[in-house]
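The values are calculated or read from the model by the stated rules, or taken from the named source; none is laboratory data. This one's a predicted model, so the numbers in the text were calculated from it and none came from an experiment. So basically every Cβ, Gly included, is an ideal-geometry build from the backbone, and we count neighbours across all protein chains shown.
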Amino acid sequence: MKTYGIGCSMKATLSALIIGLLFLSLPAAAAESRTIAVFDFENNSIFERETYAPLSNGLAQVLISELGHVESLMLVERRKLKEILDEIKLQQSGVTDGGYTVRAGTLCGAQYMVFGSFIVDLNEKLRIDIRVVQVESGKTVKAAEVTGKGKDFLTLIKKLSAEIVDSLPVEMTKTEKKFLDEKTHIGMSALMKFSRGLVSEDGGDFETAKQYFREALQDEPDFYQVKEHVLANRDRYLNR
């Protein structure tokens, strides 16, 4: 009796097709997702250093907000990172110390850490430097810097965000690339108010923080990072 089977070449084709369908059924974002912790920036300004100190908080939060628009990234909240740093009694002067930061990155489940620094000169020209470090190896995978006018800080942060994403094993969608390519102008005064609000929030003074956030939005109604931050921390501002 004759038997009819599937040829070897057809079997191979069917196997490849089945395997391909199985992989297609897996969520792409889950396979590519990377977790990042952004530490508060270091203030390297020489002139009016104390005046611009709050930008350490503000620039970091703006960067978190921008990176948060990339679906393949998971961002550690500043609030959670601060709690971890407090738990291991890490002083601000030691934030860039490799041993402590690796420990903090590990505790918050981050695969990558971003360290930043900034300088503001007498003409409000702003320079921002960032360094991306892989937690597991401790190696720097990206270092970049941007310089521009203070009012262009958001455009500068967007540019750095794109460079950070490009250095990681993830892919951006066309929409996400377009978002980070946008040139946006937000006044330095609004950024300072947002930053002071974050400092007040970190210190537990939520009433003062709310006032600074309101003033920032009064100056710049399109300053969406302020709205995003308050919404993400609404549990801390309800009934206050």
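Summary of computed values
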item: Single match in G138, G148, G109 (criterion: closer than 29 Å to F47 by Cβ and of a type in the set (G, A, S)); result: G148
item: All positions within segment 124-179 that are surrounded by 14 or more Cβ atoms within 10 Å (Cβ to Cβ) and of a type in the set (S, T, N, Q); result: Q134, T155, S161, S167
item: Lone unmet requirement of (1) at pLDDT below 95; (2) part of a helix (DSSP H, G or I); (3) buried (at least 16 other Cβ atoms within 10 Å of the Cβ) for L231; result: (3)
item: Test result for D121, surrounded by fewer than 17 Cβ atoms within 10 Å (Cβ to Cβ) and modelled with pLDDT under 90; result: no
item: Matching helices (runs of 4 or more DSSP H) fully within segment 140-210 where at least 1 residues are farther than 30 Å from L238 by Cα; result: 153-166, 174-181
item: Given (1) closer than 26 Å to A53 by Cβ; (2) buried (at least 17 other Cβ atoms within 10 Å of the Cβ); (3) within 20 Å of the chain's Cα centre (by Cα), index of the condition E220 fails; result: (3)
